[in-house]
Amino acid sequence: MKIAVFPGSFDPFTLGHYDIVKSSMKLFDKVIIGVGHNYEKRGYFSVEERVAIIERSVEGIVGVEVIGFTGLTVEFCKRVEASFIIRGLRSTTDFELERVIAQANLKMAPEITTLFIPSGPLYGYISSSVVRDILINGGSVEQFMVAGVDLPKK
Ligand code: ADP
């Protein structure tokens with residue numbers, strides 16, 4: 001069985017993330033969305049809230065699981081028996097950051113391969129940080145989220 005981890009903060013999960021998950025499902029039997037967090041750095045949404053938002057967003061896609069994790073992504077991959085890490089690329093800036101992480105991960109775990117998927121033409125400008133900024137300032141973010149997924153009020 002081909003298993004991939006799609007790791008990220010997902011604070012919150014957007015249509016851009018959803019698009020990457022849909023593309024990944026064409027390649028893998030199982031895609032585990034790993035919600036990475038550490039205890040010092042609190043997100044805008046709690047890990048439990050982020051997991052719940054993602055579960056609602058991917059409801060009905062067979063083969064997708066959502067799990068929160070702390071620590072190294074490669075260690076999480078080993079625990080869930082994934083041989084692939086998926087990351088989305090929106091820009092050259094993303095690429096430079098991602099290249100370094102992917103190469104460090106490859107040094108630590110040569111058996112795990114990172115794959116980059118370019119963002120869809122409609123979603124490349126969407127980021128969780130912009131969504132958070134809009135929320136903090138009282139705006140509506142409905143158009144950036146998977147349809148029908150309500151965000152917890154803050
Ligand atoms: P992180 O803090 O680990 O970068 P994010 O939740 O911001 O976590 O992103 C998780 C992954 O999703 C990253 O690979 C990022 O490049 C990708 N991603 C985020 N937004 C988009 C988007 N609009 N289109 C494609 N990929 C995206």
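The values are calculated or read from the model by the stated rules, or taken from the named source; none is laboratory data. What you are looking at is a predicted structure, and each value in this text was computed from that prediction instead of being measured. When we count neighbours, we look across all protein chains shown, and the Cβ atoms used for this are built from the backbone with ideal geometry, even at glycine. These accessible areas exclude ligands, DNA and RNA; they are computed on the full protein's heavy atoms, side chains included. Shrake-Rupley method; radii C 1.70, N 1.55, O 1.52, S 1.80 Å.
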I want to confirm something. Restricting to region 82-94 and keeping residues that are without any contact (Cβ under 8 Å) to a residue 24 or more places away in the chain and not charged (D, E, K, R), which single residue is least open to solvent (accessible area, probe 1.4 Å)? THR93
Just give me the residues in region 52-71 being in contact with a helix residue (DSSP H, G or I) (Cβ under 8 Å, 6 or more places away or on another chain), within 19 Å of ALA82 (Cα to Cα) and outside any strand (DSSP E or B), in sequence order. ILE61
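When only residues in region 129-154 that are farther than 17 Å from ASP11 by Cβ and in a loop (DSSP other than H, G, I, E, B) count, which is farthest from the chain's Cα centre (by Cα)?
Kept after step one, since they are farther than 17 Å from ASP11 by Cβ, are these residues of region 129-154: 138, 140, 142-143, 147-148.
Filter again for in a loop (DSSP other than H, G, I, E, B), leaving 138, 140, 147-148.
Values: GLY138: 24, SER140: 22, ALA147: 17, GLY148: 19 Å.
My answer is GLY138.
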Tell me whether region 121-128 contains one or more residues that are modelled with pLDDT of 95 or more and either in a strand (DSSP E or B) or closer than 17 Å to GLU49 by Cβ (or both). yes
Those residues of region 21-51 which are without any contact (Cβ under 8 Å) to a residue 60 or more places away in the chain, outside any loop (DSSP other than H, G, I, E, B) and of a type in the set (Gly, Ala, Ser) amount to GLY34, GLY36
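Say we look at region 95-112 and pick out the residues that are more than 20 Å from LYS22 (Cβ to Cβ) and open to solvent by less than 60 Å² (accessible area, probe 1.4 Å); which of these is farthest from the ligand (Cβ to nearest atom)?
ALA109
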